[in-house]
């Protein structure tokens with residue numbers, strides 16, 4: 001496996017970057033706290049490619065991801081936009097990321113601001129601040145990426161899709177969510193929120 005030479009963000013960190021999450025990886029419900037990060041995948045024909053993922057800390061479900069040939073702010077933002085597709089309101093969601101340039105870009109920050117998503121940042125060089133999404137990418141590589149050789153983008157994209165949608169979200173159990181799958185936890189939370197809405201409607205009427 002070809003070794004990736006990661007170039008860390010050497011720029012100055014602005015004073016307004018706050019670690020809101022502060023390693024509190026517990027969430028009372030879905031769409032309350034999300035974490036995001038970018039990892040690398042090597043192809044024989046294309047060289048390095050990049051996967052941006054978003055995980056919900058309540059369900060531990062991968063709710064959005066984007067895959068491409070460039071590690072850009074656009075790729076990072078596409079993953080977040082995909083995570084928002086099935087969310088009625090993003091107001092108040094905490095999205096945690098590292099301080100890499102993709103996540104501190106004006107493009108990325110402007111979108112979060114318009115969506116009223118609170119942006120939380122890891123401390124510089126501290127991977128433990130974003131441990132949940134780092135753990136997912138590590139498991140993805142051990143269970144899928146390192147076991148196969150991908151010729152091109154299409155082949156890798158299909159493998160990533162099948163791993164996330166068919167295995168990780170729907171069949172892989174997690175101790176952090178009482179040994180059920182992310183999709184089962186997500187369904188439980190959706191059902192719970194539906195019941196709460198129904199009870200509130202009954203009270204108001």
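The values are calculated or read from the model by the stated rules, or taken from the named source; none is laboratory data. Note that this is a predicted model, so its numbers are computed, not measured. Cβ placement follows ideal geometry from the backbone for every residue including glycine, while neighbour counts extend to all protein chains displayed.
See the values below:
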read-out	value
Residue list for the stretch 105-126, restricted to those being in contact (Cβ under 8 Å) with a residue 12 or more places away in the chain and either part of a helix (DSSP H, G or I) or more than 18 Å from residue 73 (Cβ to Cβ) (or both)	107, 108, 111, 112, 116, 118, 123, 124, 125
Residue under evaluation residue 86, criteria (1) outside any strand (DSSP E or B); (2) surrounded by 14 or more Cβ atoms within 10 Å (Cβ to Cβ), criterion not met	(2)
Counted residues, the stretch 156-172 - those being without any contact (Cβ under 8 Å) to a residue 60 or more places away in the chain and either surrounded by 12 or more Cβ atoms within 10 Å (Cβ to Cβ) or assigned to a helix (DSSP H, G or I) (or both)	10
Of all residues making up the stretch 61-79, the number that are closer than 17 Å to residue 160 by Cα and outside any loop (DSSP other than H, G, I, E, B)	11
Given (1) farther than 21 Å from residue 25 by Cα; (2) more than 17 Å from the chain's Cα centre (by Cα); (3) without any contact (Cβ under 8 Å) to a residue 24 or more places away in the chain, index of the condition residue 151 fails	(3)
Identity of the residue in the stretch 136-154, out of contact with any strand residue (DSSP E or B) (no Cβ under 7 Å at 6 or more places or on another chain) and surrounded by 15 or more Cβ atoms within 10 Å (Cβ to Cβ), that ends up farthest from residue 54 (Cα to Cα)	144
Selection within the stretch 27-41 - over 25 Å from residue 109 (Cα atoms) and either assigned to a loop (DSSP other than H, G, I, E, B) or at pLDDT below 95 (or both)	28
Qualifying residue in the stretch 122-135 (condition: surrounded by fewer than 16 Cβ atoms within 10 Å (Cβ to Cβ) and more than 28 Å from residue 104 (Cα to Cα))	no
Check on residue 99, surrounded by 17 or more Cβ atoms within 10 Å (Cβ to Cβ), within 17 Å of the chain's Cα centre (by Cα) and touching a residue at least 40 places away in the same chain (Cβ under 8 Å)	yes
